[in-house]
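Report on the structure given below.
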Amino acid sequence: RTFVSYEEFAPSLVQAAVATEDKRFYKHSGVDLPSLGRVLFRTLLSRDSSQGGGSTITQQLAKTLYPRAAHVSKLGMVWIKLKEWITAIKLERNYTKDEIMDMYMNAVFFVSNSYGISSAANQFFGKRPIELLTEESAVLVGMVNKPTRYNPSINPDHALRRRNLVLDRMCSMDYLTRQECDS
């Protein structure tokens, strides 16, 4: 892991992370209640897991502080989630959004003992994070969800589809024009 500061991130990297992992990142205080409601009703009650999780980027950062055992009871998971929510709220109170993004991008696990965006950018593209092109940022952010499944070295087809999904989400949030997204 090599730490880099927020200023060393390509803007497309931050945009891809927000569009894919937490579209209301700049509007919540650590916990995104509409996303939690969606998860509760769609995932738990309707058994529809296609809508994704309800964790914010800040919660995902907090999650790195509370490692999970392979098998956790439901009660144990509730306790862990509660600690993550409290930690996320405290992080939001004490750090700026840029600082939270910085910590998050430096904590993310990619693959092959590659932690943090600097290691991943170097491993997959031979670049520093500031040098990443938009499509490269999309590939790396796309890997966060399932690092092995979306690893472009071993699953190029899955990685390409996931990259395109990230680009579509960036387009839907007006980080990219439709023409940029399609090209």
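The values are calculated or read from the model by the stated rules, or taken from the named source; none is laboratory data. Nothing here was measured: the structure is a model prediction, and the numbers come from that model. Quick reminder, even Gly has a Cβ in these numbers, built from the backbone with ideal geometry, and neighbours come from all protein chains shown. The area values use the complete protein model at the heavy-atom level, side chains included, leaving out ligands, DNA and RNA. Shrake-Rupley method; radii C 1.70, N 1.55, O 1.52, S 1.80 Å.
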Seminar exercise, completed: Given the conditions (1) crowded, with 22+ Cβ neighbours inside 10 Å; (2) modelled with pLDDT of 95 or more, every one holds for Glu135 apart from (1)
Exercise. Do we have Val72 as assigned to a loop (DSSP other than H, G, I, E, B), farther than 20 Å from Thr2 by Cα and among the aliphatic types (A, V, I, L, M) here?
Worked result: yes
For this session: Name every residue in the stretch 138-162 that is of a type in the set (Lys, Arg) and either under 16 Å from Val14 (Cβ atoms) or open to solvent by 60 Å² or more (accessible area, probe 1.4 Å) (or both), in order of residue number.
Result: Lys146, Arg149, Arg161
For this session: Check His28 against each of (1) at pLDDT 90 or above; (2) open to solvent by less than 70 Å² (accessible area, probe 1.4 Å); (3) in contact with an Asp or Glu (Cβ under 9 Å, 6 or more places away or on another chain) and name the one condition it does not meet.
Result: (1)
For this session: Among the numbered conditions (1) closer than 17 Å to Ala19 by Cβ; (2) of a type in the set (Ser, Thr, Tyr); (3) in a helix (DSSP H, G or I); (4) open to solvent by 10 Å² or more (accessible area, probe 1.4 Å), tell me where Ser119 comes up short.
Result: (1)
For this session: Provide a single number: the residues in the stretch 61-85 that are more than 19 Å from the chain's Cα centre (by Cα) and either open to solvent by 80 Å² or more (accessible area, probe 1.4 Å) or within 23 Å of Val141 (Cα to Cα) (or both).
Result: 6
Problem set entry | Any pair with Cβ under 7 angstrom, 6 or more apart, that starts in the stretch 172-183 at a residue that is of a type in the set (D, E, K, R) and ends at one that is open to solvent by less than 90 Å² (accessible area, probe 1.4 Å) | Arg178/Cys171
Seminar exercise, completed: If we ask which residues in the stretch 124-155 are in a helix (DSSP H, G or I) and either more than 21 Å from Asn113 (Cβ to Cβ) or aliphatic (A, V, I, L, M) (or both), their number turns out to be 10
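So which residues in the stretch 31-65 are among the charged types (D, E, K, R) and at pLDDT below 70?
Passing the criteria: Arg38, Arg42, Arg47, Asp48.
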Exercise. Residues of the stretch 111-149 being aromatic (Phe, Trp, Tyr) and either in contact with a Pro (Cβ under 6 Å, 6 or more places away or on another chain) or more than 18 Å from Ile57 (Cβ to Cβ) (or both), which ones?
Worked result: Phe124, Phe125
Problem set entry | Single unsatisfied condition, Met105 versus (1) part of a helix (DSSP H, G or I); (2) farther than 16 Å from Pro129 by Cβ; (3) open to solvent by less than 70 Å² (accessible area, probe 1.4 Å) | (2)
Exercise. Restricting the first residue to the stretch 118-129 and requiring it to be in contact (Cβ under 8 Å) with a residue 24 or more places away in the chain, which pairs with a second residue that is among the basic types (Lys, Arg) meet a Cβ separation below 6 Å and a spacing of at least six or different chains?
Worked result: Ser119/Arg1
